[in-house]
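The values are calculated or read from the model by the stated rules, or taken from the named source; none is laboratory data. Just so it is clear, the model here is predicted, and its values are computed rather than measured. Positions of Cβ are backbone-derived with ideal geometry, glycine not excepted, and every protein chain shown enters the neighbour counts. Accessible surface is based on the protein model in full, side chains and every heavy atom, while ligands, DNA and RNA are left aside. Shrake-Rupley method; radii C 1.70, N 1.55, O 1.52, S 1.80 Å.
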Amino acid sequence: MAEVVIVENPAAAGALVAAEIGRLIARRADAVLGLATGSTPLPVYSALRSQLEGVDVSHVRGFALDEYVGIDPSHPESYRSVITREVVEPLGLTPSLVHVPDGSLDGIEQAGAEYDAKIRAAGGVDLQLLGIGTDGHIGFNEPGSSFASRTRVKTLTEQTREDNARFFDSPDDVPMHCITQGLGTILEARHLVLLAYGEGKAQAIADAVEGPLSAILPGSAIQLHPHATVVVDEAAASKLTLADYYRYTFANKPAWQGI
Ligand code: GLP
(Lines give C-alpha, C1' and ligand atoms only; values in the text may rest on other atoms or scores of the structure.)
Protein backbone atom coordinates (compact mmCIF):
# COMPACT_ATOMS: atom_id res chain seq x y z
CA MET A 1 0.00 0.00 0.00
CA ALA A 2 0.97 3.64 -0.18
CA GLU A 3 3.26 5.04 2.49
CA VAL A 4 1.27 7.59 4.49
CA VAL A 5 3.13 10.45 6.16
CA ILE A 6 1.13 12.58 8.58
CA VAL A 7 2.59 16.05 9.05
CA GLU A 8 1.66 19.01 11.17
CA ASN A 9 0.64 21.45 8.47
CA PRO A 10 0.89 22.20 4.74
CA ALA A 11 4.24 23.97 5.20
CA ALA A 12 5.73 20.79 6.70
CA ALA A 13 4.31 18.79 3.78
CA GLY A 14 5.89 21.27 1.38
CA ALA A 15 9.29 21.03 3.08
CA LEU A 16 9.25 17.22 3.13
CA VAL A 17 8.36 16.87 -0.54
CA ALA A 18 10.65 19.70 -1.67
CA ALA A 19 13.56 17.92 0.06
CA GLU A 20 12.76 14.75 -1.86
CA ILE A 21 12.63 16.69 -5.15
CA GLY A 22 15.95 18.30 -4.20
CA ARG A 23 17.50 14.83 -3.76
CA LEU A 24 16.06 13.75 -7.09
CA ILE A 25 17.52 16.74 -8.96
CA ALA A 26 20.89 16.25 -7.24
CA ARG A 27 20.90 12.69 -8.62
CA ARG A 28 19.61 13.65 -12.01
CA ALA A 29 20.01 17.20 -13.33
CA ASP A 30 17.43 16.59 -16.07
CA ALA A 31 14.85 15.01 -13.75
CA VAL A 32 11.29 14.87 -15.07
CA LEU A 33 8.80 16.35 -12.62
CA GLY A 34 5.08 15.69 -12.84
CA LEU A 35 3.47 18.98 -11.89
CA ALA A 36 0.05 19.50 -10.38
CA THR A 37 -2.13 22.59 -10.12
CA GLY A 38 -4.76 23.55 -7.55
CA SER A 39 -3.88 24.99 -4.17
CA THR A 40 -2.47 21.75 -2.69
CA PRO A 41 1.00 21.69 -4.32
CA LEU A 42 1.67 25.38 -3.63
CA PRO A 43 3.55 24.77 -0.33
CA VAL A 44 5.83 22.38 -2.24
CA TYR A 45 6.56 24.99 -4.89
CA SER A 46 7.26 27.65 -2.31
CA ALA A 47 9.58 25.34 -0.31
CA LEU A 48 11.38 24.48 -3.54
CA ARG A 49 12.45 28.11 -3.94
CA SER A 50 14.90 27.86 -1.06
CA GLN A 51 15.57 24.14 -1.57
CA LEU A 52 16.84 24.78 -5.10
CA GLU A 53 18.69 28.01 -4.45
CA GLY A 54 22.09 27.79 -6.12
CA VAL A 55 21.16 24.54 -7.90
CA ASP A 56 21.35 24.42 -11.70
CA VAL A 57 17.76 23.64 -12.70
CA SER A 58 18.12 24.61 -16.34
CA HIS A 59 17.83 20.95 -17.45
CA VAL A 60 14.90 20.00 -15.22
CA ARG A 61 11.88 18.95 -17.26
CA GLY A 62 8.22 19.07 -16.32
CA PHE A 63 4.83 17.74 -17.40
CA ALA A 64 1.61 19.15 -16.00
CA LEU A 65 -1.27 16.81 -15.30
CA ASP A 66 -4.08 18.62 -17.01
CA GLU A 67 -5.55 21.70 -18.66
CA TYR A 68 -8.98 23.16 -19.34
CA VAL A 69 -10.25 22.73 -22.89
CA GLY A 70 -11.04 25.87 -24.86
CA ILE A 71 -9.47 28.26 -22.36
CA ASP A 72 -7.15 30.93 -23.76
CA PRO A 73 -3.65 29.86 -22.63
CA SER A 74 -3.03 33.47 -21.57
CA HIS A 75 -6.08 33.41 -19.24
CA PRO A 76 -4.66 33.74 -15.70
CA GLU A 77 -6.44 30.54 -14.62
CA SER A 78 -5.37 28.36 -17.54
CA TYR A 79 -3.12 25.68 -16.10
CA ARG A 80 -0.44 26.87 -18.55
CA SER A 81 -0.52 30.27 -16.81
CA VAL A 82 -0.65 28.74 -13.33
CA ILE A 83 2.36 26.48 -14.01
CA THR A 84 4.31 29.42 -15.49
CA ARG A 85 3.44 31.68 -12.54
CA GLU A 86 3.82 29.18 -9.67
CA VAL A 87 6.58 26.91 -10.93
CA VAL A 88 8.53 27.92 -14.03
CA GLU A 89 9.18 31.57 -13.16
CA PRO A 90 9.84 31.37 -9.41
CA LEU A 91 12.06 28.28 -9.73
CA GLY A 92 13.82 29.52 -12.85
CA LEU A 93 13.03 26.42 -14.93
CA THR A 94 13.59 26.48 -18.68
CA PRO A 95 10.15 27.28 -20.14
CA SER A 96 10.57 25.12 -23.25
CA LEU A 97 11.20 22.05 -21.06
CA VAL A 98 7.93 22.38 -19.13
CA HIS A 99 4.89 20.99 -20.89
CA VAL A 100 1.16 21.41 -20.30
CA PRO A 101 -1.49 19.48 -22.27
CA ASP A 102 -2.74 21.52 -25.21
CA GLY A 103 -6.36 22.45 -24.51
CA SER A 104 -6.92 24.46 -27.66
CA LEU A 105 -9.88 23.27 -29.70
CA ASP A 106 -7.82 23.06 -32.84
CA GLY A 107 -6.26 19.59 -32.83
CA ILE A 108 -7.87 18.52 -29.55
CA GLU A 109 -8.63 15.06 -31.02
CA GLN A 110 -4.92 14.20 -31.16
CA ALA A 111 -3.71 16.27 -28.21
CA GLY A 112 -3.96 13.42 -25.67
CA ALA A 113 -1.99 10.87 -27.68
CA GLU A 114 0.60 13.52 -28.54
CA TYR A 115 1.07 14.39 -24.88
CA ASP A 116 1.54 10.75 -23.88
CA ALA A 117 4.10 10.38 -26.67
CA LYS A 118 6.00 13.42 -25.35
CA ILE A 119 6.11 11.96 -21.85
CA ARG A 120 7.34 8.66 -23.25
CA ALA A 121 10.01 10.41 -25.34
CA ALA A 122 11.25 12.15 -22.18
CA GLY A 123 11.74 8.72 -20.57
CA GLY A 124 8.72 9.03 -18.27
CA VAL A 125 8.03 11.07 -15.14
CA ASP A 126 10.36 10.60 -12.15
CA LEU A 127 8.17 12.12 -9.45
CA GLN A 128 4.51 12.98 -9.94
CA LEU A 129 2.86 15.45 -7.58
CA LEU A 130 -0.86 14.90 -7.09
CA GLY A 131 -3.67 16.66 -5.27
CA ILE A 132 -7.08 15.07 -4.84
CA GLY A 133 -10.54 16.48 -5.50
CA THR A 134 -13.28 16.21 -2.91
CA ASP A 135 -14.89 13.59 -5.17
CA GLY A 136 -11.65 11.60 -5.26
CA HIS A 137 -10.43 12.76 -8.66
CA ILE A 138 -6.73 12.97 -9.44
CA GLY A 139 -5.58 15.10 -12.34
CA PHE A 140 -9.00 15.66 -13.81
CA ASN A 141 -9.89 11.96 -13.84
CA GLU A 142 -13.41 12.19 -12.56
CA PRO A 143 -15.28 9.27 -10.93
CA GLY A 144 -15.74 6.48 -13.46
CA SER A 145 -12.33 6.97 -15.09
CA SER A 146 -10.66 3.76 -16.19
CA PHE A 147 -7.50 2.76 -14.34
CA ALA A 148 -6.01 2.12 -17.79
CA SER A 149 -6.97 5.52 -19.22
CA ARG A 150 -4.52 7.62 -21.18
CA THR A 151 -4.36 11.39 -21.64
CA ARG A 152 -7.72 12.41 -23.09
CA VAL A 153 -10.60 14.87 -23.00
CA LYS A 154 -13.01 14.54 -20.09
CA THR A 155 -16.16 16.34 -18.95
CA LEU A 156 -15.84 17.97 -15.53
CA THR A 157 -18.42 17.09 -12.90
CA GLU A 158 -20.64 19.83 -11.53
CA GLN A 159 -18.90 19.39 -8.15
CA THR A 160 -15.45 19.99 -9.63
CA ARG A 161 -16.71 23.01 -11.53
CA GLU A 162 -18.17 24.38 -8.28
CA ASP A 163 -14.94 23.62 -6.37
CA ASN A 164 -12.92 25.47 -9.01
CA ALA A 165 -15.36 28.39 -9.42
CA ARG A 166 -13.37 30.32 -6.81
CA PHE A 167 -10.66 30.86 -9.41
CA PHE A 168 -13.04 32.40 -11.97
CA ASP A 169 -15.23 35.52 -12.05
CA SER A 170 -18.38 33.45 -12.23
CA PRO A 171 -19.14 29.70 -11.87
CA ASP A 172 -20.35 29.71 -15.48
CA ASP A 173 -16.86 30.69 -16.61
CA VAL A 174 -15.39 27.36 -15.42
CA PRO A 175 -14.83 25.33 -18.57
CA MET A 176 -16.96 22.23 -19.05
CA HIS A 177 -14.19 20.08 -20.51
CA CYS A 178 -10.58 19.34 -19.71
CA ILE A 179 -7.71 17.33 -21.05
CA THR A 180 -6.02 15.22 -18.41
CA GLN A 181 -3.33 12.62 -18.09
CA GLY A 182 -5.14 9.31 -17.68
CA LEU A 183 -4.87 7.13 -14.58
CA GLY A 184 -2.82 4.68 -16.65
CA THR A 185 -0.49 7.52 -17.67
CA ILE A 186 -0.12 8.73 -14.07
CA LEU A 187 0.59 5.20 -12.82
CA GLU A 188 3.63 5.03 -15.11
CA ALA A 189 5.45 7.75 -13.15
CA ARG A 190 8.22 6.24 -11.03
CA HIS A 191 7.12 7.85 -7.76
CA LEU A 192 3.67 9.23 -6.91
CA VAL A 193 3.33 11.85 -4.18
CA LEU A 194 -0.27 12.61 -3.27
CA LEU A 195 -0.84 15.57 -0.95
CA ALA A 196 -3.96 16.70 0.89
CA TYR A 197 -4.82 19.03 3.76
CA GLY A 198 -7.96 19.83 5.68
CA GLU A 199 -11.11 18.10 6.81
CA GLY A 200 -12.73 18.43 3.40
CA LYS A 201 -10.23 15.96 1.91
CA ALA A 202 -10.40 13.40 4.76
CA GLN A 203 -12.99 11.13 3.16
CA ALA A 204 -11.37 11.18 -0.27
CA ILE A 205 -8.00 10.32 1.32
CA ALA A 206 -9.43 7.47 3.42
CA ASP A 207 -11.18 6.06 0.34
CA ALA A 208 -8.10 6.45 -1.87
CA VAL A 209 -5.66 4.89 0.60
CA GLU A 210 -7.75 2.30 2.45
CA GLY A 211 -10.93 1.85 0.43
CA PRO A 212 -11.56 -0.70 -2.28
CA LEU A 213 -9.97 -0.18 -5.68
CA SER A 214 -12.74 1.37 -7.67
CA ALA A 215 -13.19 3.57 -10.71
CA ILE A 216 -15.78 5.50 -8.68
CA LEU A 217 -12.85 6.78 -6.58
CA PRO A 218 -10.08 7.49 -9.09
CA GLY A 219 -7.56 8.27 -6.33
CA SER A 220 -7.71 4.60 -5.26
CA ALA A 221 -5.58 3.89 -8.36
CA ILE A 222 -2.54 4.84 -6.27
CA GLN A 223 -2.89 1.48 -4.51
CA LEU A 224 -1.69 -0.14 -7.72
CA HIS A 225 1.59 1.79 -7.64
CA PRO A 226 4.72 0.24 -6.10
CA HIS A 227 6.03 3.59 -4.83
CA ALA A 228 3.27 5.94 -3.75
CA THR A 229 3.63 8.39 -0.86
CA VAL A 230 0.63 10.15 0.65
CA VAL A 231 1.47 13.29 2.63
CA VAL A 232 -1.42 14.64 4.70
CA ASP A 233 -2.03 16.94 7.63
CA GLU A 234 -3.90 15.71 10.73
CA ALA A 235 -7.27 16.91 9.45
CA ALA A 236 -6.94 15.15 6.09
CA ALA A 237 -5.71 12.03 7.98
CA SER A 238 -8.64 12.06 10.39
CA LYS A 239 -10.61 9.28 8.66
CA LEU A 240 -7.70 6.87 8.15
CA THR A 241 -8.22 3.63 10.09
CA LEU A 242 -4.49 2.89 10.36
CA ALA A 243 -3.34 6.43 11.20
CA ASP A 244 -1.43 5.32 14.33
CA TYR A 245 0.38 2.64 12.36
CA TYR A 246 1.42 5.19 9.71
CA ARG A 247 2.76 7.52 12.41
CA TYR A 248 4.68 4.67 14.03
CA THR A 249 6.23 3.37 10.81
CA PHE A 250 7.30 6.82 9.63
CA ALA A 251 8.74 7.74 13.05
CA ASN A 252 10.87 4.60 12.88
CA LYS A 253 11.94 4.94 9.27
CA PRO A 254 15.64 5.54 8.61
CA ALA A 255 16.00 9.15 7.45
CA TRP A 256 18.28 8.19 4.55
CA GLN A 257 15.38 6.39 2.88
CA GLY A 258 13.60 9.68 2.21
CA ILE A 259 10.00 9.23 1.19
C1 GLP B 1 -8.27 20.44 -9.59
C2 GLP B 1 -7.02 19.87 -10.30
C3 GLP B 1 -6.44 18.71 -9.55
C4 GLP B 1 -6.37 19.09 -8.08
C5 GLP B 1 -7.76 19.23 -7.50
C6 GLP B 1 -7.76 19.70 -6.05
O7 GLP B 1 -9.46 20.12 -10.19
N8 GLP B 1 -7.24 19.48 -11.66
O9 GLP B 1 -5.15 18.40 -10.08
O10 GLP B 1 -5.72 18.08 -7.37
O11 GLP B 1 -8.53 20.08 -8.27
O12 GLP B 1 -7.61 21.07 -5.96
P13 GLP B 1 -7.07 21.81 -4.69
O14 GLP B 1 -5.65 21.38 -4.57
O15 GLP B 1 -7.17 23.27 -4.99
O16 GLP B 1 -7.88 21.36 -3.56
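For Ala117 and Arg247, FRET efficiency with R0 = 51 Å and r from the beta-carbon atoms, rounded to 0.05? With a Förster radius of 51 Å, E is 0.75. Inter-label distance, Ala11 to Arg166: 2.0 nm, where each label sits 7 Å from its Cα along the C-beta direction. Here the chain exposes an accessible surface that is 54 percent carbon and sulfur, computed with a 1.4 Å probe and the other protein chains kept in place. Taking 0.36 nm per residue of sequence separation and removing the Cα-Cα distance, the Glu158/Arg49 pair yields an extension gain of 35.7 nm. Applying the Karplus relation 6.51 cos²θ - 1.76 cosθ + 1.60 with θ = phi - 60° to segment 236-250 yields 3J(HN,Hα) values of 6, 8, 5, 10, 7, 5, 9, 3, 5, 5, 5, 4, 5, 5, 5 Hz, where x marks Gly and Pro. For Val231, nonlocal amide neighbours, meaning residues 5 or more places apart or on other chains whose placed amide H falls under 5 Å from its own, are Val5, Leu194, Leu195, Ala196.
Remark: the chain carries 43 Å² of accessible area per residue (probe radius 1.4 Å; ligands, DNA and RNA excluded). Note on Thr134 and Ile216: the model spin-label points, each 7 Å out from Cα along the C-beta direction, lie 1.9 nm apart. DSSP bridge analysis restricted to segment 3-254 gives an antiparallel fraction near 25%, rounded to the nearest 5.
For segment 214-256, the Kirkwood radius over C-alpha pairs fed into Stokes-Einstein at 25 °C and 0.890 mPa s yields D = 200 µm² per second.
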